[in-house]
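Asker: I have a structure here, written as structure tokens, and I will follow up with some questions on it.
The values are calculated or read from the model by the stated rules, or taken from the named source; none is laboratory data. Note that the structure is a prediction, hence the values are computed from the model and not measured. When we count neighbours, we look across all protein chains shown, and the Cβ atoms used for this are built from the backbone with ideal geometry, even at glycine.
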Amino acid sequence: MSDLNDPRVLFAAERTLLAWNRTSLALMAFGFVIERFGLFVSILLKHEMVLRHGVSFWTGLAFVLLGAAVAAYSAVQYRKVLITLKPIEIPEGYQVNSGIITNLAVSLLGIVLTIYFFQGV
């Protein structure tokens, strides 16, 4: 339980959550680029999708899943911080769950992107 009685504690936790959100998005974007780069190289070398599930596919997939996991885990951690705050530390009428919803949506979209990779579209 926090004893600061200061709403800045909430805002600091929220900024940290959003920083982790940006990190997870960057990891997923990097994974997507790696996965598509393997496809690009395959096209340049005129291979008939022989490299479809090569190193770049699995590395890109790992980065996307890592980004999804980071987004979900950071939402859980933020929720743990929220539980420790007193009502006086949360401004009246302030919606504290929007960051959690955003991170969980990013995590879900990372899983959808992973499924997209396996569809081969």
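Asker: Test each condition in (1) in contact (Cβ under 8 Å) with a residue 60 or more places away in the chain; (2) assigned to a helix (DSSP H, G or I) for residue 96 and report the one that comes out false.
Answerer: Every condition holds for residue 96 apart from (2).
Asker: Follow-up question, since we're still on this one. Quick check on the range 22-31. Is at least one of its residues under 23 Å from residue 84 (Cβ atoms), at pLDDT 95 or above and loosely packed, with under 13 Cβ neighbours inside 10 Å?
Answerer: No; the residues of the range 22-31 include none that is under 23 Å from residue 84 (Cβ atoms), at pLDDT 95 or above and loosely packed, with under 13 Cβ neighbours inside 10 Å.
Asker: Whether any residue in the range 10-20 is farther than 24 Å from residue 93 by Cα and either modelled with pLDDT of 80 or more or more than 13 Å from the chain's Cα centre (by Cα) (or both) is what I want to check. Walk me through how you get there before you give the answer.
Answerer: Of the range 10-20, the ones farther than 24 Å from residue 93 by Cα are 20.
Filter once more, keeping what is either modelled with pLDDT of 80 or more or more than 13 Å from the chain's Cα centre (by Cα) (or both): 20.
There is at least one residue in the range 10-20 that is farther than 24 Å from residue 93 by Cα and either modelled with pLDDT of 80 or more or more than 13 Å from the chain's Cα centre (by Cα) (or both).
Here's the yes/no breakdown for (1) among the β-branched types (Val, Ile, Thr); (2) loosely packed, with under 12 Cβ neighbours inside 10 Å; (3) assigned to a helix (DSSP H, G or I); (4) at pLDDT below 85:
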position: 34; (1), (2), (3), (4): yes, no, yes, no
position: 49; (1), (2), (3), (4): no, yes, no, yes
position: 64; (1), (2), (3), (4): yes, no, yes, no
position: 67; (1), (2), (3), (4): no, no, yes, no
position: 73; (1), (2), (3), (4): no, no, yes, no
position: 78; (1), (2), (3), (4): no, no, yes, no
position: 111; (1), (2), (3), (4): yes, no, yes, no
position: 116; (1), (2), (3), (4): no, no, yes, no
position: 121; (1), (2), (3), (4): yes, yes, no, yes
